[in-house]
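The values are calculated or read from the model by the stated rules, or taken from the named source; none is laboratory data. Keep in mind the model is a prediction, meaning the values are calculated, not measured. Cβ coordinates were reconstructed from backbone atoms using ideal geometry, including for glycine residues, and neighbour counts include every protein chain displayed.
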Amino acid sequence: MSKVSNRTKIATALVGALALVGSNLVIADPLTQVQNADGKIQTEAAASQKKVDKYFDQAQDMLFEYGSVVDERESLKAYNDYVATLVADQEATMNLIQADIDGVDSLRQGVVPLMFKMVEALEQFVQLDLPFNSEVRAKRVQDLKELLYSSNVSLAEKYRLILDAYSIEREYGNFVAVKEGTVNIGGKDILVDIFNLGRVGLYAQSLDQKSGWMFNPETKAWDKLEDSHLRELTKGIRIARKQGAPDLFALPVPAAEAAQ
């Protein structure tokens, strides 16, 4: 009897213990599920935060890239406007050049007759001027006349050479020079020093300095100078040859009417 009771008590205690353990298991299972769910939520929240951060960074990069594109677009627009202005200016210049090209033929038609007139006028001027450097000046005019009919020389070069000839003739009016030569006096050629005082006057003096003459443009002859002028003529010749210091000297000059 006593043994049965003890076994019964032990069995009852085991059943109670098992019941208690089962009760704890039942209680612990929902808590574990809650903990697991919370951990999953935190993991998913962390993953979501990473995605948000990633998308934010991408959005920032896109915003920066958009700003760069806008700036580049503005720069390109400004450059395109500048290029368009250059192109317009070049087109205007090309139109002017084309207009000049179109007018070349008309220019030629006007320049060619002008050049012939210029050479003709130069020839007449040399013939009517004081007879100094006559051969050189006459040859220069003749060369220009032949040049006008040359096909190997451009129109521009012909015009330039004519202007050069005019420039040389202009400079003759400002120079003082002396050279030995011969003049015809009374049908006789005499060796003299020919003194060229620009276009003011042309003088001659015998080599012994005892006689002097002045060219008369009106009569195309040599008029004898009075002895009182010989010293001044000698002085002018010495200055022209740089044998004397520059100084004033007085010589008669042709009358204004005759000089014309």
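Go over the candidates 185, 194, 239 one by one and state the one that is touching a Phe, Trp or Tyr at 6+ places or on another chain (Cβ under 8 Å) and either modelled with pLDDT under 90 or of a type in the set (Ser, Thr, Tyr) (or both).
Testing whether each residue is touching a Phe, Trp or Tyr at 6+ places or on another chain (Cβ under 8 Å) and either modelled with pLDDT under 90 or of a type in the set (Ser, Thr, Tyr) (or both) leaves just 185.
Look through the range 162-193, keep the residues that are surrounded by 13 or more Cβ atoms within 10 Å (Cβ to Cβ) and over 19 Å from residue 138 (Cβ atoms), and return whichever of them is nearest to the chain's Cα centre (by Cα).
Across the range 162-193, the extreme among qualifying residues is 176.
Looking only at the range 40-61, decide whether some residue is at pLDDT below 70, of a type in the set (Ser, Thr, Tyr) and part of a helix (DSSP H, G or I).
No: zero hits.
Report, ordered by the first and then the second residue, all pairs with beta carbons closer than 6 Å, sequence separation of six or more or different chains, a first member in the range 220-238 that is within 19 Å of residue 185 (Cβ to Cβ) and touching a residue at least 24 places away in the same chain (Cβ under 8 Å), and a second member that is of a type in the set (Asp, Glu) and not in a helix (DSSP H, G or I).
237/193
Return the residues of the range 194-239 that are surrounded by 15 or more Cβ atoms within 10 Å (Cβ to Cβ) and either touching a Ser or Thr at 6+ places or on another chain (Cβ under 6 Å) or charged (D, E, K, R) (or both); say none if nothing qualifies.
Matches in the range 194-239: 199, 232, 235, 238.
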